[in-house]
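Engineer: Let me give you the structure first, and then I'll get to my questions.
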Amino acid sequence: MIHITLPDGSQRAFPGPVTVAEVAASIGSGLAKAALAGKIGDKVVDTSHQITADSPLAIVTAKDADGLEVIRHSTAHLLAYAVKDLYPDAQVTIGPVIENGFYYDFSYKRPFTPEDLAAIEKKMTELAAKDEPVTRRVLPRDDAVAHFKSLGEHYKAEIIASIPAGEDVSLYREGRFEDLCRGPHVPSTGKLRFFKLMKVAGAYWRGDHRNEMLQRVYGTAWATKDELQQYLTMLEEAEKRDHRKLGRELDLYHIDDVAPGVVFWHPKGWALWQEVEQYMRKVYRATGYQEVKGPQILDKSLWEKTGHWQNYRENMFVTESEKRDYALKPMNCPGHVLIFKSGQRSYRDLPLRYGEFGQCHRNEPSGALHGIMRVRGFTQDDGHIFCTEDQILEECVQYTAQLQAVYKDFGFTDILYKVATRPENRVGSDALWDKAEHAVMEALRRSGVDYVIAPGDGAFYGPKIEYTLKDALGRQWQCGTMQVDFNTAERLGGEYVTETSGRAHPVMLHRAIVGSLERFIGMLVEHHAGALPAWLSPKQVSVLNITDGQADYARTVAKTLLDQGFRVELDLRNEKITRKIREHSMQKLPYILVVGDKEREAGAVAVRARGNLDLGVMPLQDFQAKLAADIASKA
């Protein structure tokens, strides 16, 4: 007898080997119909998988995260099937699952057009409607190579040939199409109903620019029609909020080919930047950080000590002067250690907190650059805390509280927390790792938040907390970090005098709240759809006159507000007031003040708030108080 233990703890007995599908059918016809796969322990398997020994088993359906992964994986194969059906000369390469969907890379004699994409999606729908069974078979590696060569699928043959000799490989067939894959897959193509192809992009074979440029077709797939529609609606909204589009429309910044991956900040964009930086500078001061500034270019020998020269050089901008090699710093950490070790430090000085708005450069591939979200030159709100082992916990608790307050002020209230623990290759004793991991987890427990653990994802020098924000569209942005480092200070000779007059290396805590200011500002623009709260808005109020007769009064209003420290725009153009209001509304300003003869005579202003809200006429002093309160609330 074979005993199958279900998630609720109940058991089912079978006289001999049994498939996942048969177990599902024994529970009920509804579950049998909904079953996409099975999960035995941590392994997801096909419904045709045969269980030959006592096992725990969960039936995977479209309601499960694993089920959605199987749907997307299978839809990638359906895409390849459709392409081969329509374009037999195309060669298939690889087609993995990615966040919210999948892609598949093809080699074909000409670029796919939007019309091709529509035809491929239509063919996918036709093939899915046939509800063809998806079956698996296993071949020896060399037989599989020969099989795909006979089909003219040279890329597949190359992939299989890279598998160690003597191993078997699995193939999945649906109708006329067979593909190399580890699986699992849905039991039949009829399970694939809610998908859409999104775009075509270029991708080098095996990610190597020396190889052929392939065509990467991206798609999305979901368990239900509603989920697919919600996702497509979110993408439409995301397109409207794209920081690259809004950056142009709001005249915040631009990027030019003369400096790829580096931002040209316009006056309005730089005003926004300064609000973020000055806010963070106040946070530094309020939480005991001393602001420092390190050099941009540092000698090769320093990067050799940190390991960057050996392991990261291709991502660094390097230069030479007087027969010495230098690099633009890709990070600020080593510079802070050099500041720490520039004088004698005592245990009484710890914890010692340094903060820097440090500009860094990384030689990112041009294809990876994305507006101001992914750039080559960026500035971080970088902080490093030098402390003892016993101080790690308290520093992490304080940091999490600080980070939560900062994100709330910027409009982010939904934060996800993750602790990355010790990897297999690491430095430091297990006792030290135990203490550090306990500290970061206990810090989150004391903060009253739930967190997930990512086993083995910590850096070689210590565990870390990752703080991920959810924006207004539910998208996730990994932003803040707290990294515990036992290694860097020791490598660079940082030490302090202990209570017993001995010498010890401090623990170094790396922390950033907003991270890259460029990326964070891009996030802010998209999160708020360009309609930034008054305290962040590059221009907080515009003053418009109706006719030339109110020009002097409009100037007085603008100057009064400027003298109070508000960011004001004055528009005295000889244009219709309706046109001026419309144009300033498109700039998403928090407030527009209109002044005519009545307002001039009364020393008042007609106030319009963002969203075309008419707040009526009020004394200028009342508006000043309202704007000041709005800014102070950070609402």
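Quick note: the coordinates plus some simple rules give every number you see, no bench work behind them. Computed from a predicted structure; not experimentally measured. Glycine gets a Cβ as well: all are built from the backbone with ideal geometry, and neighbour counts include every protein chain shown.
Engineer: Regarding the range 149-226, what are the three Cα extents along the principal axes, ordered largest first, in Å?
Structural biologist: 44, 31, 20
Engineer: On a 19 Å Cα-Cα criterion, which of the cross-link pairs Lys123/Lys196; Lys122/Lys196; Lys123/Lys156; Lys418/Lys634 come out too long?
Structural biologist: Lys123/Lys156; Lys418/Lys634
Engineer: Please work out the C-alpha center-to-center distance from the range 100-165 to the range 449-510 and express it in whole Å.
Structural biologist: Computed from Cα coordinates, the inter-centre distance equals 43 Å.
Engineer: Enumerate lysine pairs in the range 3-117 that are 8 or more residues apart or on different chains, then count those whose Cα atoms are under 28 Å apart.
Structural biologist: 5
Engineer: Okay, next question. To the nearest 20 Debye, how big is the dipole of the range 444-526 about its Cα centre, given +1 on the beta carbon of each Lys and Arg and -1 on that of each Asp and Glu?
Structural biologist: That gives a dipole near 120 debye.
Engineer: Can you compute the modelled spin-label distance between Asp390 and Asp552, with each label point 7 Å from Cα toward Cβ, in nm?
Structural biologist: Output for this residue pair reads 7.3 nm.
Engineer: About the Cα centre of the chain, what is the dipole size in debye to 20, counting +1 per Lys and Arg Cβ and -1 per Asp and Glu Cβ, all else neutral?
Structural biologist: 860 debye
Engineer: Which value in Å is the Kirkwood Rh of the range 525-625 over different Cα pairs?
Structural biologist: By the Kirkwood definition, the hydrodynamic radius is 13.5 Å.
Engineer: If you find the alpha carbon centre of the range 196-265 and of the range 1-17, how far apart are they in angstrom?
Structural biologist: 47 Å
Engineer: Follow-up. Can you bin every Cα-Cα distance in the chain into 10 Å intervals starting at zero and give me the percent of pairs per bin, rounded to whole numbers?
Structural biologist: All Cα pairs, binned at 10 Å, distribute as 3, 12, 18, 20, 20, 16, 8, 3, 1, 0 percent.
Engineer: Moving on. Beta carbons within 10 angstrom, averaged per residue: use that to sort the peptides 513-525, 349-361, highest first.
Structural biologist: So the peptides 513-525, 349-361, ranked by packing, come out 513-525, 349-361.
Engineer: Which ³J(HN,Hα) values, rounded to whole Hz and listed in residue order, are derived for the range 77-89 from phi using the Karplus coefficients 6.51, -1.76 and 1.60 in 6.51 cos²θ - 1.76 cosθ + 1.60 with θ = phi - 60°, glycine and proline given as x?
Structural biologist: Going residue by residue, I get 5, 4, 4, 4, 4, 5, 4, 5, 5, 8, 10, x, 7 Hz, with x marking Gly and Pro.
Engineer: Skipping prolines and chain starts, which residues have an amide H placed within reach, meaning under 5 Å, of the one on Val568, given they are 5 or more residues away or on another chain?
Structural biologist: Gln540
Engineer: Now for a different question. Hey, which of these cross-link pairs are over 32 Å Cα-Cα: Lys293/Lys539; Lys559/Lys588; Lys282/Lys576?
Structural biologist: From the list (Lys293/Lys539; Lys559/Lys588; Lys282/Lys576), the Cα-Cα distance tops 32 Å for Lys282/Lys576.
Engineer: Using the charge dipole of the chain (Lys, Arg: +1 at Cβ; Asp, Glu: -1 at Cβ; taken about the Cα centre), state which of Ile465, Tyr103, Ser537 has its Cα farthest towards the positive end.
Structural biologist: Comparing the listed Cα positions along the dipole, Ser537 ranks first.
Engineer: So, one more: Pull up all non-local amide H partners of Thr421: gap of 5 or more, or a different chain, and H-to-H distance under 5 Å with H placed in the peptide plane.
Structural biologist: Ala454, Gly456, Asp457, Gly458
Engineer: Treat each spin label as a single point 7 Å out from the Cα along the C-beta direction, and report the Lys576 to Ile297 distance in nm.
Structural biologist: Taking the two extended label points, one gets 5.8 nm.
Engineer: Which value, in debye to the nearest 20, describes the size of the charge dipole of the range 176-222 about its Cα centre when Lys and Arg Cβ atoms bear +1, Asp and Glu Cβ atoms bear -1, and nothing else is charged?
Structural biologist: Approximately 220 debye in magnitude.
Engineer: Can you tally the net charge around Tyr155? Count Lys and Arg as +1, Asp and Glu as -1, for every other residue whose Cβ sits under 15 Å from the Cβ of Tyr155.
Structural biologist: Net local charge, Tyr155 excluded: -2.
Engineer: In addition: So how do Lys123, Lys199 line up by other beta-carbon neighbours within 10 Å, fewest first?
Structural biologist: Least to most surrounded, the residues fall as Lys199, Lys123.
Engineer: Let me check I have the definition right: for the range 356-397, take the eigenvalues of the Cα gyration tensor, multiply each by 5, take square roots. What are those semi-axes in whole Å, largest first?
Structural biologist: 32, 11, 9
Engineer: Now for a separate question. State the extension gain, in nm to one decimal, for the chain segment bounded by Val452 and Lys122, taking 0.36 nm per residue of separation less the distance between their alpha-carbons.
Structural biologist: Contour length minus the Cα-Cα distance gives 114.7 nm.
Engineer: Go ahead and run the numbers for FRET between Leu562 and Asn315, Cβ-Cβ distance against an R0 of 45 Å, rounding to 0.05.
Structural biologist: After rounding, the FRET efficiency stands at 0.50.
Engineer: In the range 1-125, if every C-alpha pair distance is counted and binned at 10 Å from zero, what percent goes to each bin?
Structural biologist: Pair shares across the bins are 12, 35, 23, 19, 10, 2.
Engineer: Calculate, in nm to one decimal, what Lys598 and Phe14 gain on full extension: separation in residues at 0.36 nm each, minus their alpha carbon distance.
Structural biologist: Difference between extended and current length: 201.3 nm.
Engineer: For the range 429-486, evaluate the Debye formula with one uniform point scatterer on each Cα (no solvent term) and list log10 I(q)/I(0) at q = 0.24 Å⁻¹, rounded to two decimals.
Structural biologist: Cα-only, vacuum Debye calculation for the range 429-486: -1.05.
Engineer: Starting from the Cα-Cα distance between Gln230 and Gln476, subtract it from 0.36 nm times their residue separation and give me the gain in nm to one decimal.
Structural biologist: Full extension of this stretch gives 86.9 nm more.
Engineer: From the square roots a ≥ b ≥ c of the eigenvalues of the alpha-carbon gyration tensor of the range 503-543, which class results: rounded (a/c under 1.5), prolate (a/b over b/c), or oblate?
Structural biologist: Judged from the Cα gyration tensor, the range 503-543 comes out prolate (a/c at least 1.5, a/b above b/c).
Engineer: Now, a different point. Output ³J(HN,Hα) for the range 206-214: one whole-Hz value per residue in order, computed from phi by the Karplus curve 6.51 cos²θ - 1.76 cosθ + 1.60 with θ = phi - 60°, and x for Gly and Pro.
Structural biologist: 6, x, 10, 5, 7, 8, 4, 7, 9
Engineer: Treating the Cα atoms of the range 408-539 as identical point scatterers in vacuum, please give the log10 of the normalised Debye intensity I(q)/I(0) at q = 0.15, 0.19 Å⁻¹, two decimals.
Structural biologist: -0.82, -1.07
Engineer: A further question on this structure: Modelled label-to-label distance, Lys199 and Trp270, 7 Å Cα→beta-carbon offset: nm?
Structural biologist: 3.1 nm
Engineer: A further question follows. Averaging over every viewing direction, what projected area does the convex hull of the Cα atoms of the range 461-509 cover, in nm²?
Structural biologist: Across all orientations, the range 461-509 yields a mean hull projection of 4.5 nm².
Engineer: Here is a further query. Asp325's amide H: which non-local residues (gap 5+, or another chain) put their own amide H closer than 5 Å, with H modeled 1.01 Å from N in plane and none for Pro or chain starts?
Structural biologist: Result for Asp325 returns Lys300.
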